[in-house]
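Working notes, structure below.
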Amino acid sequence: MLTTFPLCRPCPVVHLVVTNVKLKNLWQKGDSTVRRFSRLEQIRRMDPYEEATEIYRLSVAYEFPWDFTRALELALYRTYAVPAIGRLLARTAELTDRTQKRYDDTALLLDTIVEHGFGSDPGRTAIRRINRMHRSYDISDDDMRYVLCTFVVMPKRWIDAYGWRRMSRHETVASVVHYRTLGRHMGIKDIPETYEEFESCLDSYEAAHFAWDEEARRVSDATLALMASWYPAPLAPLLRTTTLALLDDSLLHAFRYTPPSAATRAWVRRAVRLRGRVVRLLPPRRAPHFARQNREIKSYPYGYRIADLGTRPVPGIRGCPVRHAAPDAEAR
């Protein structure tokens, strides 16, 4: 499948300014307010178990596209602080020498499943590519499970803190079911069953495993440099400081970054919350926005084939932080 995408929203974690906003009528009540929350009402009428991916798609592509992009960036980023994962990523060189392509491929493969579903041809192709890449290294089930936990927990935490509204229980349950399904396709064992179990697994694993590692720090620096590269070079120091201001103390300590001042952290976090409040005043999104439409995706200006995304690692030389456990875990 050849897929093309337009340039859209230039938003790393610091793109907070909403432009071209017509404030006329934004404060009106009645029908405008009903329309703003009509999709949430639709979600609450759906079954979060039987229609999990459909609900998750509504949340990702309509309700919170910017927030999910930022949250999943931070979800993947924080996995580097587990030395076993960070070292492996450094040794593959994918996130240090080909950072943009690795970012793009990860986002596009995961989002293909969201856009088209697990049972679709594009979704099955994406799962097949993920599994074939991840088969190259024998990583522990615990590390695989932890990476999956970040996909469930970090978006909810981000949206509850910075989104235009909090995630509903229906959306939270649907996210759990969606990623449990992905985990089963990837052969991950002992997957948590509820959001609370995912959150407990993530917190306890980070408390036990976050630690300094020189190679992991190289991957972290490369990722921060990538985010800064999306903007004019003079803004790079500001972008780096702003990103660090959004990280929690455990991450800053693991990577040995000097924490931004309390005033800087407060200013940045208030600015992101302000963005959410402004978005709350806007009309609901009428068309979906998927990751392939993000301006940060730069590797495929003329389109791409899902089957060509990702790496072709040689077992023992190149690989990913999540392995494919067994041949029968491929998408069927």
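The values are calculated or read from the model by the stated rules, or taken from the named source; none is laboratory data. Values in this document were obtained by computation on a predicted structure and should not be read as measured data. Cβ placement follows ideal geometry from the backbone for every residue including glycine, while neighbour counts extend to all protein chains displayed. Accessible surface areas use protein heavy atoms only, side chains included; no ligands, DNA or RNA. Shrake-Rupley method; radii C 1.70, N 1.55, O 1.52, S 1.80 Å.
For VAL82, what is the net charge nearby, where nearby means another residue's Cβ is under 14 Å from its Cβ and Lys, Arg count +1, Asp, Glu -1? Mind dumping the intermediate values first?
Working: positive: ARG78, ARG87, ARG145, ARG217; negative: ASP141, ASP142, ASP143, ASP203, GLU206, ASP213, GLU215.
Within the 14 Å Cβ shell, the charges total -3.
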(message) Could you give each residue of the range 268-277 its phi-based ³J(HN,Hα) in whole Hz, using Karplus coefficients 6.51, -1.76, 1.60 with θ = phi - 60°, and x for Gly or Pro?
(response) 5, 5, 5, 5, 5, 5, 4, 4, x, 5
(message) So if I take the centroid of the Cα atoms in the range 205-227 and the same for the range 82-124, what is the distance between those two points in Å?
(response) 17
(request) Go through HIS178, HIS170 and list them by solvent-accessible area, largest first, probe radius 1.4 Å. (result) HIS170, HIS178
(request) Kindly write out, for the range 231-246 in residue order, the coupling ³J(HN,Hα) from the Karplus curve 6.51 cos²θ - 1.76 cosθ + 1.60 (θ = phi - 60°), rounded to whole Hz, with x marking Gly and Pro. (result) 10, x, 3, x, 7, 4, x, 5, 4, 5, 4, 5, 5, 4, 5, 8
(message) How much length would be gained if the chain were fully extended between ALA307 and TYR231, taking 0.36 nm per residue of separation minus their Cα-Cα distance, in nm to one decimal?
(response) 24.4 nm
(message) I'd like to compare 100-106, 119-125, 38-44: which one has the highest average count of other Cβ atoms within 10 Å, and what's the full order after that?
(response) 100-106, 119-125, 38-44
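I'm a student and want to see the number: the projected area of the Cα convex hull of the range 137-232, averaged over all directions, in nm². Intermediate values should be presented prior to the final figure.
Values: hull surface 33.3 nm².
Value for the range 137-232: 8.3 nm².
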(message) If you average the alpha carbon positions of the range 176-193 and of the range 138-161, how far apart do those two centres end up, in angstrom?
(response) 11
(request) Quickly rank 156-167, 251-262 as a protection proxy: mean count of other C-beta atoms within 10 Å, highest first. (result) 156-167, 251-262
(message) With the crude spin-label approximation of a point 7 Å out along Cα→Cβ, what separation in nm comes out for TYR49 versus LEU274?
(response) 4.5
(message) Once R0 is set to 41 Å, what does the formula 1/(1 + (r/R0)^6) return for the Cβ-Cβ distance between ALA287 and SER204, expressed as a FRET efficiency to the nearest 0.05?
(response) 0.50
(message) Need one number: nm distance between label points at ALA266 and ARG132, each 7 Å from Cα along Cα→Cβ, rounded to one decimal.
(response) 5.4
(request) Determine ³J(HN,Hα), in whole Hz, for all residues of the range 87-100 in sequence, where each value follows from phi through the Karplus function 6.51 cos²θ - 1.76 cosθ + 1.60 and θ = phi - 60°; x replaces Gly and Pro. (result) 5, 4, 5, 5, 6, 6, 6, 5, 9, 10, 9, 10, 4, 4
(request) Would you calculate the separation in nanometres between label points at ALA211 and ARG166, each defined as 7 Å from the Cα along the Cα-to-beta-carbon direction? (result) 3.7
